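The values are calculated or read from the model by the stated rules, or taken from the named source; none is laboratory data. None of these values were measured; they are calculated from a predicted model. Cβ placement follows ideal geometry from the backbone for every residue including glycine, while neighbour counts extend to all protein chains displayed. Only protein heavy atoms, including side chains, enter the accessible area calculation; ligands, DNA and RNA are left aside. Shrake-Rupley method; radii C 1.70, N 1.55, O 1.52, S 1.80 Å.
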Amino acid sequence: MNYKNAYVITGNIGCGKSTVSNLLMLHGFSVIDADKIAHEILNQNATNIQNLFGKEFIIGGLVDRKRLGELVFNDTAKLRELESLLHPQIKAEILAKAAKFEELNFPYFIDIPLFYEKNSYDEFTKVVLVYAPNDILLERVMKRDELSLNSAKSRLDKQMDIELKRQKADFIIDNSGDLKNLNTQIESLIKTIKENNATLKI
């Protein structure tokens, strides 16, 4: 299927993807949230998670995401095991939602944090990177998650460098400034999308 109206939103931890998604929704665009889908799929697989990793990772029928995260992020084999269980289901749900939006013949967005790292969404060809330089990302992550510099750096180091993503992306939203600047960036993106789709009434 040709997902010609899809625009992927991606970026690194601390870049502000959620804020960008919320602002785009205020402008009338639909956003598919891959993280939200992943959380739903995770809980739907509570029995499978229990069978794979143990009953201590289930609380009240739901997956204890924090505890499971601590396990898999320190064990590459278990992380791969979890991903092989969940990822096909997550991708299938994203594609199903995208197919429905394609029927509307109107641009929509898909928030996929690890789009470049996973390299498994070839169906989507237009990528919007929410960008901020590494020093700002570190500062935001330390403040937001109350982490030390080393802990924040460790999280960022697990993702592809933001400057490399900047070279790969089709569109850049620079979120290194304030909210006013971010709004200007989003309006510029919408203008570009409109210019690329002359028949749209955005």
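For this structure, a couple of remarks:
- Normalised contact order of the range 35-94, rounded percent, pairs of Cα under 8 Å and 6 or more residues apart: 36
- DSSP bridge orientation in the chain - percent antiparallel, rounded to nearest 5: 10
- Pairs beyond 26 Å (Cα-Cα), from K143/K194; K17/K180; K17/K158; K126/K158; K66/K165: K143/K194; K66/K165
- Structure-based [θ]222 nm, the chain - -39500 (n - 2.57) summed over DSSP H runs of at least 4, per residue, nearest 500: -17500 deg cm²/dmol
- Set of lysines with alpha-carbon distance to K97 below 16 Å, sequence-local pairs under 8 removed: K4, K36
- Accessible area in the full protein assembly, largest first, 1.4 Å probe, for E102, E146: E146, E102
- A straight line joining the Cα centroids of the range 50-68 and the range 145-202 runs 34 Å.
- Per-residue extension of 0.36 nm, minus the Cα-Cα distance of N134 and S188, leaves a gain of 17.1 nm for this segment.
- Option label - mean projected area of the Cα convex hull in nm² computed here, alternatives (i) 22.0; (ii) 12.2; (iii) 9.6: (ii)
- Remark: the chain carries a charge dipole of roughly 200 debye about the Cα centre, counting +1 on each Lys and Arg Cβ and -1 on each Asp and Glu Cβ.
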